[in-house]
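Structure, as structure tokens:
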């Protein structure tokens, strides 16, 4: 087999457009702004309900304009700006109606609190003719881009199996808005994996799912999930997450695995382990060769999920803004399909498993 090339970089736009940030929470501090600085994107202004939060981030990252209101943030935005809406899902429908028509928008995931809200959001985007995408940035993590490039080159043959396994301790207290809401793990975390599997395998026929609370966090909704996506006989696709593994790093797991007819790829998502400090990412792939024992090769990764993947989603919106024929892979229209899959997972969990009969 010819030598493979492992691409880890997203395609950038020809012209970098200014960015106006709506929201100044932890994800903006830890991922959006570091990613944009690394890519050389210009953040023109920032707004948050908590003015002091916006001012603090502006000082830290050299953003010159802090807006005292959403109205002024929109009014003062350059005409070619991308609006980066980084707010909790419950606030998206308060902001979108106020944005100007025919503008470029990147919306933080999830696309609303449920499928009903997601449909309303998409309808607003259609009415306003927004080039709007959702920040499903895991698609652009360096190890995911690398895996996609290997698969597209045929390095592992025909893809037939994908698995995501996460056994970690996640300090949910870092996100105060998650206290008291009815949906947590699938809607705010495993949604990334559902979206990722869709991006590689296409649309599933259905889903089997169970999501449940953890006894150590009784004030939170479900934080542990098991899901199997039904692709008939084409693919095996499964997700298993447990965010309450409080027993140290020794047996924690956090990986994505792809298997094909001629090889396999596995990527360790180090970010999720020992969060928020994280552990190093790792990636290996194996290509079967006739007459030789299986050998795994390491890939030297360039960056990580946070912050590097956030370059990819913003770049895709900028490219779409300059070329209507190059829509973002995570457009709201595509994201609606991920939200429908999330909704199906919750329905499956509520309905329970098939009763055991005949004993």
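Out of every Cα-Cα pair that segment 275-350 contains, those further apart than 15 angstrom amount to 75 percent.
Taking each residue as 0.36 nm, the span from residue 51 to residue 126 lengthens on full extension beyond its C-alpha to C-alpha distance by 23.9 nm. Taking 0.36 nm per residue of sequence separation and removing the Cα-Cα distance, the residue 296/residue 323 pair yields an extension gain of 5.7 nm.
Rounded to 0.05, the FRET efficiency of the residue 15 and residue 38 pair, given R0 = 25 Å and the Cβ-Cβ distance, is 0.85. Kirkwood-type hydrodynamic radius, the chain: 21.3 Å, calculated from all non-identical alpha-carbon pairs. Stretching the chain fully between residue 333 and residue 282 yields a gain of 15.1 nm (0.36 nm per residue, less the alpha carbon separation). Among beta bridges from DSSP that stay inside the chain, the antiparallel ones total about 60%. Residues of segment 14-51 falling in the label zone of residue 98, defined by backbone nitrogen less than 12 Å from a point 7 Å along Cα to beta-carbon, are 22-23, 47-50. Helix 142-152 axis versus longest C-alpha principal axis of the chain: approximately 60°, rounded to the nearest ten. Relative to the longest principal Cα axis of the chain, at what angle does helix 332-351 sit, 0 to 90 degrees, rounded to 10? Tilt relative to the chain: about 60 degrees. I'd like the orientation of helix 191-201 relative to the chain: the angle between its Cα long axis and the longest Cα principal axis, in ° from 0 to 90, rounded to 10. Roughly 60 degrees between the two axes. Calculated mean residue ellipticity at 222 nm for the chain: -8000 deg cm²/dmol, from DSSP H runs with n ≥ 4 weighted as -39500 (n - 2.57), summed, divided by the residue count and rounded to 500.
Contact order, relative form, for segment 139-298: 28 percent (alpha carbon pairs under 8 Å, 6 or more residues apart, mean separation divided by residue count). Extending 7 Å from the Cα toward the beta-carbon at both residue 165 and residue 210 defines two label points whose distance is 1.8 nm.
Look at the alpha carbon pairs under 8 Å that are at least 6 residues apart: their mean separation over the length of the chain gives a relative contact order of 21 percent.
Shape summary: segment 139-298 maps onto an equivalent ellipsoid whose semi-axes, from the alpha-carbon gyration tensor, are 30, 19, 13 Å in decreasing order.
Each principal axis of the Cα atoms in segment 107-187 has its own extent, and those three values, largest first, are 43, 40, 21 angstrom.
Since every read-out is calculated from the coordinates, none of them should be taken as a lab result. None of these values were measured; they are calculated from a predicted model. For neighbour counting, all protein chains shown are included, and Cβ atoms are generated from backbone atoms with ideal geometry for every residue, glycine included.
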